[in-house]
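The following block contains the structure, expressed as structure tokens.
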Amino acid sequence: MKIGIIGAGNIGATLAQKFSMSGHSVKLAASRGPEALRELSNKVGATPVTPKEAVSDVDVIIVSIPFAKNAHLSGLFDKVPADVVVIDTSNYYPVRDGHIAAVSDGMAESVWASNQFGRPVVKAFNAILAGVLADQGKIRGAVGRIAIPVAGDNAAAKTIAQQLVDEAGFDSVDAGSLADSWRQQPGTPAYCTSLNAEELRVALQAADKARSPVNLRALMERLVDGWPSTDEMTALNREINVAG
Ligand SMILES: NC(=O)c1ccc[n+]([C@@H]2O[C@H](COP(=O)([O-])OP(=O)(O)OC[C@H]3O[C@@H](n4cnc5c(N)ncnc54)[C@H](OP(=O)(O)O)[C@@H]3O)[C@@H](O)[C@H]2O)c1
């Protein structure tokens, strides 16, 4: 497939590398222009482009930028055909993203992102730590393979996102509609807890919408002394989001 990725950070660059290695043609865009992205793009096997070029003549677009910045992409998708799959990896962190009233009042984060883009999205790759995404993928069927939730309203688009999750080295779990995708947001048991598919299904059902912001604040308080390792962060998420 032809894949355009907007966001060349922890998640975007890792996905670019994985998908170029599995044989897809990948374009990579960021805030910086293509020239400044050249070295990274060479390393991950992608073509450096502008965001406008990243959404042109592709089958899949992955947007992986800080949540509030999704609003900057308004208008970018106006000429993108309806059958192009758009995947949103973002998460709302008020300390980084500022106060966004609709989301604070309960709108699912990817519904808000979809509204900014003016088109449907699939939510995927948001509930996995960057270090886990980069280093802990396994082949299909391997014991202990970690699962990633995938939510959205279009079955065909979701199937493609699930195929990409598999190629990235993870099982996927259908997490329902985009409106339901609050169940995989920060502070939920499904969020960055590195569960297998069976455990993830249980975690998605156990989500408590009122509890998530409380858990997120508890996590932030635990991070004031510095950023933990990937394994420590997974353990912390399990302690706070699963045990409550
Ligand atoms: N880090 C994680 O563990 C993790 C896990 C799952 C999901 N997520 C979510 O996925 C998203 C990306 O996370 P990340 O850790 O990869 O972020 P990151 O490392 O900070 O990278 C963000 C990327 O977005 C680009 N960018 C920012 N504003 C842009 C704009 N208006 N147009 C185009 N590109 C723009 C930046 O461009 P420049 O490179 O030019 O600055 C950068 O490449 C976030 O919403 C995050 O919450 C993160």
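The values are calculated or read from the model by the stated rules, or taken from the named source; none is laboratory data. Predicted, not measured: the structure shown is a model, and the values here were computed from it. Cβ placement follows ideal geometry from the backbone for every residue including glycine, while neighbour counts extend to all protein chains displayed. Ligands, DNA and RNA are stripped out before the accessible areas are found, and what is left, the full protein with its side chains, is counted by its heavy atoms. Shrake-Rupley method; radii C 1.70, N 1.55, O 1.52, S 1.80 Å.
Using alpha carbon centroids, what distance separates segment 225-244 and segment 1-75, in Å?
With segment 225-244 and segment 1-75 each reduced to a Cα centre, they are spaced 29 Å.
Now for a separate question. In the chain, what % of DSSP beta bridges are antiparallel (nearest 5)? All intermediate terms of the calculation are to be shown ahead of the outcome.
On the way: 1 of 22 bridges.
Here the antiparallel bridges make up roughly 5 percent for the chain.
Relative contact order for the chain: what percent, with Cα pairs under 8 Å and sequence separation of 6 or more? Walk me through the intermediate numbers first.
Values: 471 pairs, mean separation 35.7, N = 244.
For the chain, the relative contact order is 15 percent.
Please state, as a whole number in µm²/s, the translational diffusion coefficient that the Stokes-Einstein equation yields for segment 196-244 at 4 °C and 1.567 mPa s, with Rh defined as the Kirkwood radius across alpha carbon pairs.
Estimated diffusion coefficient is 111 µm²/s.
Measure nothing fancy, just the Cα-based angle from helix 10-21's long axis to the longest principal axis of the chain, in degrees from 0 to 90, nearest 10.
50
Quote the convex hull volume per residue of the chain, based on C-alpha atoms, as a whole number of Å³.
118
Report the one residue of Ala124, Gln17, Pro48 whose Cα lies farthest in the direction of the positive end of the charge dipole of the chain (charges on C-beta: Lys and Arg +1, Asp and Glu -1; origin at the Cα centre).
Pro48
Taking amide H positions as placed in the peptide plane 1.01 Å from N, state which residues far from Lys27 in sequence (5 or more) or on other chains have amide H under 5 Å from it.
Close amide H contacts, sequence-distant or interchain: Ile3, Gly4, Ile5, Thr47.
GNM, the chain, Cα, under 10 Å: largest mean-square fluctuation among Ser20, Ser229, Ser74?
Among Ser20, Ser229, Ser74, the largest GNM mean-square fluctuation belongs to Ser229.
Moving on to the next point. How big is the charge dipole of the chain about its Cα centre, in debye rounded to the nearest 20, if each Lys and Arg gets +1 on its Cβ and each Asp and Glu gets -1 on its Cβ?
That gives a dipole near 260 debye.
Please work out whether segment 67-139 counts as rounded, prolate or oblate from its C-alpha gyration tensor, where a ≥ b ≥ c are the square roots of the eigenvalues and a/c under 1.5 means rounded, while otherwise a/b larger than b/c means prolate and anything else oblate? All intermediate terms of the calculation are to be shown ahead of the outcome.
Numbers: a/c = 2.21, a/b = 1.17, b/c = 1.90.
Oblate is the answer for segment 67-139, as a/c is 1.5 or above yet b/c matches or exceeds a/b.
Below 12 angstrom from the Cβ of Pro94, what's the summed charge of the other residues (Lys, Arg +1; Asp, Glu -1)?
Net local charge, Pro94 excluded: 0.
Expressed as a whole percentage, what fraction of the accessible surface of segment 66-242 belongs to carbon and sulfur atoms when a 1.4 Å probe is rolled over the protein heavy atoms?
Roughly 52 percent of what the probe reaches on segment 66-242 is carbon or sulfur.
Now for a separate question. Per residue of the chain, what 222 nm ellipticity follows from adding -39500 (n - 2.57) for every DSSP H run with n ≥ 4, rounded to the nearest 500?
Computed mean residue ellipticity for the chain: -10000 deg cm²/dmol.
Nearest 0.05, what FRET efficiency do His72 and Lys43 give at R0 = 25 Å with Cβ-Cβ as r?
About 0.45, to the nearest 0.05.
Between Leu200, Gly137, Val80, whose Cα lies farthest towards the positive end of the dipole of the chain when Lys and Arg beta carbons carry +1 and Asp and Glu beta carbons carry -1, centred on the Cα centre?
Val80
Also: Can you tell me the accessible area per residue over the chain, all protein chains present, probe 1.4 angstrom, in square angstrom?
46
Once you have all Cα-Cα distances for segment 79-215, histogram them in 5 Å bins from zero and send the whole-percent values.
2, 11, 21, 23, 20, 14, 7, 2, 0
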